[in-house]
Structure formats: structure tokens, C-alpha cells
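Laboratory data are not the source of any read-out in this text; all were calculated from the coordinates shown. Keep in mind that what you see is a predicted model, and the values were worked out from it rather than measured. Cβ atoms come from the backbone with ideal geometry, glycine included; neighbour counts cover every protein chain shown.
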Amino acid sequence: MEPRELARGTGLSVHEITVSFAGITALEHVSVDVAPGEVLGVIGPNGAGKTTLFNVICGFVAPQSGALRWRGEPLGRIRPDRLAALRIARTLQGVGLFPHLTVLENVTVGATRFRRAGLGSALLGLPRSDRDERALRERARAALAQLGCENIDERLPGTLPYAVQKRVALARALVCEPELLLLDEPAGGLDARELSDLAKLVASLGSSVAVMLVEHHMDFVTSVCDRVVVLDFGRVIADDVPRAIQQDPHVLEAYLGRDADTGDGLGAEARATDARG
Amino acid sequence: MLVVEELTTDYGAVRAVDHVSLEVGAGSITAVLGANGAGKTSLLRTITGLVPATAGRVRIDGENITAMAVEEIVRRGVAHVPEGRGVIVELTVEENLRLGGLWRRAEAARPKEIYALFPRLEERQSQPASRLSGGERQMLSIGRALVARPRVLLLDEPSLGLAPVLVAQIMALVRRLADTLGLAVLLVEQNARSALSIANRGIVLDLGRVVADQEPEALASDERLRHAYLGF
Amino acid sequence: MRRLGGSAALRRSTLLRSLGLVAAGAVVLALVSEGLGAYDNLELATGAYYFAVLAGLTVLVGVSGQISLGHGGLMAVGAYTVVLLIGNEQWALVPALAAAVVVTSLVGIPVGAAASRLRGPYLAGATLAFAVGLPALADKFPATFGGENGLTINPPTPPSFLGASFELERWEAWIACAGALIVLFVLYNLLHSGFGRALRAVRDDEIAASLCGLRVGRAQTLAFILSAGCAGLGGGLLAVVLQLATPGAFPLELSLTLLTGVVLGGLGSLAGAIWGAAVLVLLPSWTNDLAHSFSLSANVENNLPFAIYGLVLIGAMLVWPSGIQGGVRELGGRLRRLRAHRVAER
Amino acid sequence: MTKFIDLTLNGVSTGAIYAAVALALVLIWRATRIINFAQGAMLMITTYIASAVINSTGSYWFGFVVALLSGLILGAVIERVLIRRVESAPPLNAVIVALGLYTLLVAVAGMIWGNTPRSFPAAFSIRGYDIGGTRVLFAPNDSFIVLVVIAVALGLALLFRATGLGLQMRAAAFQPEVARLLGVRVGRMFTLGWALAAMAGALAGVLVAPSIFLGPNDFDPILIIGFVAAVVGGLDSPPGAVIGGVGLGLGLSYVSGYEGSALVPLAALVILVFVLMVRPSGLFSSTQGRRV
């Protein structure tokens, strides 16, 4: 319970958010907090409102009621393009890279909030604009290096393996030095080895970054999240540490499935392996 | 039913599928496993003719379908549920379903039969498919594939982006379809554990090549394979 | 060592590169213009003002991913501005051209803001209606815009230091080329700056771009305003070269021709805009010459140039799907591979 | 008041023609996601063919049918021979090919039939009905135009909404690869879409030809307004094309009648901008923005 107290002051606090589209309630009085250094998993059946929650935080969807606070300040009308300046970054489902920009350019776009030179100096080609560009590219290179993506600066995303593309997308989010990182299905489509790399990465983000991730891969969620919130039909049905979540009867019913506990020999065996590892 | 012999596919200089051979009989499920980029999706796309094969053959009930157009292969009884589900979001649920069986004319399954399998879809039959959640879209795309009463079903990552409880339901359904309809199912999955739990046979691909082709139990108990390719 | 230092400075400084490009262009154009007769200098001037418009349009269409079928209308705005200021207000040439850029950019603000809300064919439709609707203003206010007949101005006079025998057409070519080089300078800088990258990012994925902190609508509007300014300059130069502005000089066909020029030249690159301008100037006269080299009935002879033009457009798109510049790049790549292959064989 | 009624009636009959042109554009957009800038030249050619047939046989109806059939064939041939090659290229390439085709067809028509416009017969009388002693600006031929366009629009709506063929055409347009996986013969659907569209265009050609003159470039203004109508209605929607066409026909008829015909293009621009600012994808478009 300790992290939740902390969140009030410094992290993100989502308070009693309600969203409905055309009469269908997507989120109903949802409250979620996440503190710096904490990794919060958001899970729930498809259509439970997980992505809508992200969209509210990013300003793509306006809630009917409720409030958000970020670093102690109320977040009023949110515009997606101002998030980076607020040090909130988000990755998109799938990859979401700019297909016709090189890897380095992709990540450099993520560093937009550090741009100082204006349009005028860009049009005149002034040295100020060049210096600015070099600084942004340095940041982008550093972010790519941090994720182990060297020597692919000039490649187009489509020519890279899927997992590397996902890393580049993560580098593009990290390059703006976020204090809140929203990851939308970061493990989707990754294989086992890539997953364990990603888990290490998330764990290495440090104590200043709050992470919120939507994910279906339960092994991944269990291994990286400090706390898990479960949504079902737009409501929070559980909010606890992963181990407790896995035993919660409501969660078993709505999300994990009753069989998950009994299962066939194969599943049980696999879980035993997990426990050992 | 479905026989693949030495199938090879190149994308330019890159060999995506490398002399793959496999057989799937009626009523049986073969799981195709392996890391990203191992060639699983390319294998399915080559079988249905979306990508031309460089070498090798695909046969359905003995008939060679390798160089045929996609539409013709489909008309031989092959249904392919593509990665990312391929639901046409601009059409309604019912239109998506009808579309699946148009070439079969009177022999196609009625939407009612599909709704019996997926009651959730019936509630939403006249809504545009864009309103469906990820799980419902997966049901729709599988349901749509069944309308034409296929004999071979190719499934590309049906568990992707689905909640565990739904993954279990979908897998159970696939097993039931194979058993009751006698479908030959080729199931490409990242989620090796779920896939093997319903499969009759498991194939592991690496860099386009078959590195293992065994009974599911044998695969699951092979420490080396599990560690290197299966991730559990 | 010195040479190395020089190339490093070139690599580091966008300004040095763009200035070098402009200087080289100026020298080449001056030499070319020197070698041309009066008629060909007029063609050069035409190519130069087409380039100004096409370069702006290729940034809009190829880089920021919007479409415009209305740039002919924007050219008209620039042309009428120049003719009104020079003819009625006795402005000098340079301030009048500058005013044409400013006025057209101002017109570009509401049009661009509206355009940033529209996509694909809807944007095409709106800009097409703009190109068709705008000339109607000239008919509505004949007192100001001269109605169907438009307005005329006196030809520009070459400055005396160039000598008394300096041809008017050559002087017009110089003016138009100067304008084209300014456009080249500004757009080269733009494309090699973070702003150019931002435009491409917005084109590729608006949602991802906004999450990176880019203001999508504003970027698109700015691109539109910039390309409007270029079109205004091009239109102003056209008015100077032809010494007139009439509604008939800016029909819908002009807008469509401009779009053809940027696609045929190769979308999104300034080199493509050069190819496009060359095609727009040379292709009609070639097809004309070709058609008139046979002795044919009047109906056939009058229409043959258009038939050839249409065939060339279709053929070019089938042969070079990414425009002439794309074709040139592909050829270059093939040659390089061939050479590498030869070296390897040795 | 009589003027208003006249303008309204006139607006309805010209609007019906705009609607037919808009329908042709919408059909091609739905089939292949291409704006067919060659549509005007295609319907010009078919109208010339009809004119030639009428002149040599003396039968209007024979020419009418031949126009529709030649449209069907012309559309199919153009799709097979040209458009198929640019379907996978960037979308603007198809636009340029269509523009090239436009130029080519106009030139060919000029070569064969000359550039001097000629008259074209109407199906029925063009003398306005006599209502209570006043002659209104609406003739039997206008009734024919309106009825034919309504019939075509209903037929198309039926085709798309109620038949498997229409469903396959829509699926092929939205997601060709998925459609092929469901056994749809996508290439045939594209060809069929172009053929039907060219037929609708041919119909618009013979309907409008009596009220303008038949020349290589004389259909251009109608094409432009037809395109604006299609955009106003929403390019995906055949009913939108009809409503956009008739609405624009009425609006422009009033502007032309009360303010002078010079302002018609400007009025079209104003109407279009107004509609698009409120609904950026036209009045009846069902496609929505991308989901995050």
C-alpha cells in the first residue's frame, strides 16, 4: 500500500473518471494512481476500457467527469502534443514508427520538446538551427544506445525485425526523458527471448520514472509489475500486487479463466517451471 | 488433407521459408511455433498463394494448388484467418459473415450457425465491425472463415492481443472445430503453451527451417527446444 | 587537410551547402541564359517560375502529405498582386514580388487551416473548388481586376549597367531565375532542418507525431502557407514575364498541370521539381513540333500534340512510378552496383 | 414567385445530372479508391458514339442503349489495361494516369469529330409543361432525366446493400487482400466497378448533352460540379452523391438566377467549404477517423 500514498503528491493520479461513447459506458468512476519508480500493470478482458484509459490520459478522449492530477498539479484539457513537454510519453499498440523516416530520424522526432531553434532560422539555414539539430541527434543516439540499438541509424523501420522496431519505438518514447511512460501492449508479438529482454529494460528505467502498461501477457505482467489494476466492463475490479491478483476470484472469473488454475498437465507443468525460474 | 512438400519462399534475397514439409490430416491440429521472423506467417501466406513459392508444392487432397491464384485456392476449401484478424471494419458483422460464404452460394453456412458458436456476435450483427473489441473481432474472423465450410483452416496468431480467458476459449473452440467438423488446422502461434495444449503435432521453425516436428508432449518436455524457441 | 576541413564544414553547415547550391545554380543559369536566344530565354523564364511553384507544391504534396488542386488559384493571387501594385501603385519590381509572396501567404493561412482538417480526396475537392471559384472574383469586380481581359503592365527594363543591347527576354529570365533560386535556398534549408523532418513525421503518422510533441494541424497549415508563398512568387514572376494577369491564365488545367509536374518529376524532392519544370516547359513544345512535322488534316494536326502529351503522361507513370527523379536514383543505384560488381570481379 | 419555382425546377433537373456524374465518381472511388479525372472525357466519348449512332440510324433509343453499353465496355477496358497497372503505386500516380487519359481522349475526340460543338437530341420534348396557363421551366425531358437518375441511384443502392455482388465489390475496395482470402475475385470486382461507373457516366452524358452542346471540352464544367457534389455527399455514399448533386443543382440554380451565372463557381466553392468545415468527410460518409 505504500506506493499509493506516495502517488498522491508526485505521480499520476486518475480520479473517478467516467467516459461513455454513444450511450455505452467505457469507463465508470475509474481511479488509478501510479508513483515514480513504480511499474503499474493494467489488465482486463478485451473491451474492458484499458486503451480508453490511456486515451483519456493522453487527451485523445475527453472524460465526462472526473479529474487527473500529474505531479501534484491538476491536468485540465489535455492536448496530445503537449504531453511530451509534461514529460509523459506513450508507445502505441504494434509499432507506430514513422515508416518513411530512418531510425535516427524517428527517435529525433521524439526529442521534439528539446527543440529551441525556430522556423525562421530553419528556413534561412542559420547555424543556430544546425546546432540545435546536432544536439537533438545526439540525444536520439544516446537513447538508441541505451536500448542497445546501435548501427541501425540509417535503416528504415520496415527493414528491421519486429522486436528491434519495438525497441526503437521505446527509444522514441524515452528520448523525451519522460517521468511517466505509458506502454500499450509492449509485449505483443514478442517471442520469449525478446520478452525477457524487455522485462530487464523496464526494470532498469529507474526510480524517477512511473510506468503504466496495458498488457495481456500475464507472465510478463507478473514479472515486471509492482502492482496490477484489473478493469472489467469499465470498472476497477481489483488493484493489488501481482501475486494477489492471480488468486483474486473476480479476476479469475473475468480475465484469467477458472481453468487457469487447474488446467491440463502441460499448463501446470509450465507454471511449475515459472515458479522455479 | 493438407500436404506441404519442400516449400520454399524468398523475399528478394531473404529466404523466409526454407524447404518446409508437413502434413495435416482431417480432424487434426498442427501447431507451428518459433520465434519472430522464423517464417511462420510466411509459410501460411505461401500456402494460400498470397506470396509466390520459390520451390516446393502444396497439395490439398492430392491436388497441387501451388501456383494457383488466392481465390482459386480458397475455392479448394482453404480458409486463412490472417494475422491481425482482417475484419473489414467498414462492413457490419453480418456482412462480414455473409462475405465469407458468397462463393459457396447455397452451400454456405447460415449466419445463424455461426451465431450459435459465438452468441456475442449475434448481439452485434447489425453493427459495423469497427465497434467490436479485439476478442469479438477474433471470433468474427474465425466465424467468417467457417461460413464457407472449409476443409483446411489456417490460423495466424489467434491469441495475439487477447485476454488469457479468451485465449483459452478460442483454443478450446479450435479443438472442437477440428473434432466435430473434421477440419485440418494449421495453427501458427507465439503462445506455444496454449497452442501445444490443443495440438496433435508441433512444428518448430527457425530461420525458415523445420528444427523440430514432434508430438506436443515430446516438444514440451524437450528442455533444449523449450528454452531456445518456446519460451516456457 | 584543408579540403577535408572544407567538406566537414559543408557537412555541418546547412547554410554553406544551400548558398553553394544557389551560387552554382546562378552561374549555370547565367551561362545557359547567355547562350540562348530570345524565345529560349522566355522558355527558361517560364521554367524558372514553374520551378518556384512546383518546389513549394512538392513540399506540400510529397513531404507534408497533403494534396492541392488549387495552386493555380494561388498563382493568380500572386500575379494580380504584382500587376496591381506595379500597374496602379507604381511599385518597384522587387517589393511588388515580395508583396505577392506576403499576400499569397496570407491567403494561404485560412486555406491551409481549412485544409489541415481535410484528407485525401476531400482536400482535393476543396482545393479544386478554390481553383475554379477564385477566378470568378475577377468577373465579379471588373473595376478592380479588369474582368475577362485582366490587367497589363509595362515590361521590366533591364538596368543600364548591363548594356543597352541586353535583351528584355534575357532580363526576364534572370528575374525569374533569381526568384527560383530564392525558393531553392529556402526550401533546401527547410528540408534539411528539423521542421522538414517534422512534416514527414506528420505525413507518416499523425497520432504518433502528436505524441512526440508535434502540433499536427499547425505543421500542416505552415506547409500550406509556405507552398502558397512559393506559388505566389511563381505567379508574380509569371505576371512579370507575360506582363499581364487574366483569369484565363489560371484555369483549372494549370492547377492540374502543376500537380502533374510534381508527380512526374518525383514527389518530395527539389530535384524532382526541376525535372517537373523542365517537363512542363519542354513537353508541350516537343509534342507540337512532332505533331506538325507530319502533313495531316487540321483536326488531327491540332489535336495530336495533346494526344501525345496524354500518352507521355500515362507512359511515364507506368515506366517511372516514382517520377523521373525516382528513375534517375534507381539508375544511379544500378550503375553503382554494377561498378562494385566489376571491382569485385577484378 | 414564378421565377423561384422555375429556378427550383431547373435546379432539380440539372441537379439530377450532377447526381449521375457524382454517382459515377463515387462508384469508382468505392471500387478502387481512385478519383477518376478521366470521367468527363469518358462520358464525352460515349456521347459522341451515341450521337454517331443516332445520326446514322435515326433512332434516339438505339443511340441511348449503345452509349450505355459502350460506357460499360470503355470502363472495363480502361481498368484492365491502364488502372490495374497503377493500383499498387502511390495514389497520386492513378490521378496522373487519369489526367493523361483525359487529355488523350479529348484529343482523340477532336481528331475524329473535330472541335466544333454540335447539337444532341433530347429523348422527349423540351418545351416546358403548361401549368395553369404559365409555361414552367420543366419539360417532359426533365421528368425523364429525374426519373432515370432516381432509378439508377435506387438500382445501385440495391446492388450495394442487398446483393452479394455489391458486398463483394465493397469488400474488395476496403481490403483487397482479405477479400481475396474470402474467395472474392478482386480483379473482377475492380473491373466491374469501373464498368458500372462508366455506364453511369455515359448516362449522364446523354442526359446532359441536349442542354449543352456536344464538344470535346464541353462536359468539363459539369464534371467539376459533379465532383464537388460527390465530395459534399461523401465519396463513399451513393445516396450522398444524389443528395449532394440535387442540393448543389438547386443552390447553383438560385445563385445563377438571382446573382448571375458568373458567381456559380464561387458559390460551389462556398457550399463545399461550408459543408466540409462542418463534416470533413462529406455529409453521408460512414468512414471514421483512425483509432488510437
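Going down the table (A:Lys166/A:Lys200; A:Lys200/B:Lys40; A:Lys50/B:Lys40; B:Lys40/B:Lys112), which pairs top 25 Å between alpha carbons?
Numbers: A:Lys166/A:Lys200 15 Å; A:Lys200/B:Lys40 27 Å; A:Lys50/B:Lys40 30 Å; B:Lys40/B:Lys112 33 Å.
Beyond 25 Å between Cα atoms: A:Lys200/B:Lys40; A:Lys50/B:Lys40; B:Lys40/B:Lys112.
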Discussion item. For B:Leu153, what residues show an amide H to amide H distance below 5 Å, using hydrogens built from the backbone and excluding near sequence neighbours?
Written reply: B:Ala79, B:Ala184, B:Val185, B:Leu186
Worksheet item: What ³J(HN,Hα) values, in whole Hz, does the Karplus curve 6.51 cos²θ - 1.76 cosθ + 1.60 give for the stretch A:235-249 when θ = phi - 60°, with x put for Gly and Pro?
Response: 10, 7, 9, 7, 7, 6, 6, x, 4, 5, 4, 5, 9, 5, x
Discussion item. Give me the mean projected area, in nm² to one decimal, of the convex hull enclosing the Cα positions of chain D.
Written reply: 16.9
Practice prompt. Sort the stretch C:10-256 into rounded, prolate or oblate with this rule: let a ≥ b ≥ c be the square roots of the eigenvalues of the Cα gyration tensor; rounded if a/c is under 1.5, and if a/c is not under 1.5, prolate when a/b is larger than b/c, oblate otherwise.
Written response: oblate
Response to the item:
Simple spin-label estimate for B:Ser126/A:Arg82, 7 Å along Cα→Cβ, in nm, reads 4.3
Response to the item:
Note on the protein assembly as shown, DSSP bridge orientation, antiparallel percent to nearest 5 equals 55
Item to complete: Could you pull out every residue, at least 5 positions away or on a different chain, whose amide H is within less than 5 Å of the one on A:Leu213? Hs are placed 1.01 Å off N in the peptide plane, and Pro or chain starts have none.
Response: A:Leu40, A:Gly41, A:Val42, A:Leu183
Practice prompt. Enter the mean number of other protein chain beta carbons within 10 Å of the beta carbon of each residue in B:128-135, as an integer.
Written response: 4
Discussion item. Test of understanding: extend the Cα→C-beta vector of C:Val300 to 7 Å, then name every residue of the stretch D:102-121 with backbone N under 14 Å from that spot.
Written reply: D:108-114
Worksheet item: Which whole-Hz ³J(HN,Hα) couplings does the stretch B:137-151 yield from phi under the Karplus relation 6.51 cos²θ - 1.76 cosθ + 1.60, θ = phi - 60°, glycine and proline marked x?
Response: 5, 5, 4, 5, 6, 6, x, 5, 5, 7, 4, 7, 6, x, 9
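List the relative contact order of chain D as a percent without decimals, with contacts defined as Cα pairs under 8 Å and 6+ residues apart.
So the answer I get is 36 percent.
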Fill in: Shielding score for B:27-40, defined as the mean number of other chain Cβ atoms within 10 Å
2
Response to the item:
Among GluC sites (Glu not before Pro) in the stretch A:121-166, those in a DSSP loop whose Cβ has at most 11 other Cβ atoms within 10 Å are A:Glu150, A:Glu154
Worksheet item: When the Karplus curve 6.51 cos²θ - 1.76 cosθ + 1.60 is applied with θ = phi - 60°, which whole-Hz ³J(HN,Hα) does each residue of the stretch A:128-135 get, with x for Gly and Pro?
Response: 4, 5, 5, 4, 4, 4, 4, 4
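Under the rule of -39500 (n - 2.57) per DSSP H run of 4 or more residues, summed and divided by the residues of chain B, what mean residue ellipticity at 222 nm is obtained, to the nearest 500 deg cm²/dmol? Walk me through the numbers before you get to the answer.
Numbers: 9 runs with 78 residues, N = 232.
Computed mean residue ellipticity for chain B: -9500 deg cm²/dmol.
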Discussion item. Could you tell me the center-to-center distance, by alpha carbons, between the stretch D:191-243 and the stretch D:82-134 in angstrom?
Written reply: 9
Worksheet item: So what is the 222 nm mean residue ellipticity for chain D from helices alone, if each DSSP H run of at least 4 adds -39500 (n - 2.57) and you divide by all residues, rounding to the nearest 500 deg cm²/dmol?
Response: -24000 deg cm²/dmol
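When the gyration tensor of the protein assembly as shown is built from Cα positions, what are the square roots of 5 times its three eigenvalues, in whole Å, from largest to smallest? Spell out each step's value before the answer.
On the way: eigenvalues 575, 301, 176 Å².
Result for the protein assembly as shown: semi-axes of 54, 39, 30 Å.
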Worksheet item: Taking H as built 1.01 Å from N, whose amide H comes closer than 5 Å to the amide H of A:Val19, not counting residues under 5 places away?
Response: A:Ala26, A:Leu27, A:Glu28, A:His29, A:Gln64
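From the square roots a ≥ b ≥ c of the eigenvalues of the alpha-carbon gyration tensor of chain A, which class results: rounded (a/c under 1.5), prolate (a/b over b/c), or oblate?
On the way: a/c = 2.13, a/b = 1.41, b/c = 1.51.
Oblate, because a/c is 1.5 or more while a/b does not exceed b/c.
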Worksheet entry | Contact order normalised by residue count of the stretch A:88-177, Cα under 8 Å, 6+ apart, percent | 50
Worksheet item: How big is the gap, in Å, between the Cα center of the stretch A:28-75 and the Cα center of the stretch C:302-330?
Response: 53
Worksheet, complete the sentence: Whole-Å distance linking the alpha carbon centroid of the stretch C:132-192 with that of the stretch A:128-175 is 45
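Would you list D:Met1, D:Met277, A:Met218, D:Met199 from fewest to most Cβ contacts within 10 Å?
Working: D:Met1 5, D:Met277 13, A:Met218 21, D:Met199 25.
In order of increasing Cβ crowding within 10 Å: D:Met1, D:Met277, A:Met218, D:Met199.
Under the definition of partner shielding as Cβ atoms of other protein chains within 10 Å of a residue Cβ, what is the mean value for peptide D:169-180?
For peptide D:169-180, the averaged partner shielding equals 5.
What longest range of chain D stays clear of loop-exposed trypsin sites (Lys or Arg not before Pro) (DSSP non-H/G/I/E/B, at most 11 other C-beta within 10 angstrom)? Working shown, then result.
Values: sites that count: D:Arg127, D:Arg290, D:Arg291.
That would be D:128-289.
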Fill in: Three-way shape call for the stretch D:107-198 based on the alpha-carbon gyration tensor, with the a/c threshold at 1.5
oblate
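Using helices alone, I'd like the mean residue ellipticity at 222 nm for chain A: each DSSP H run of four-plus residues gives -39500 (n - 2.57), total over residue count, nearest 500.
-11000 deg cm²/dmol
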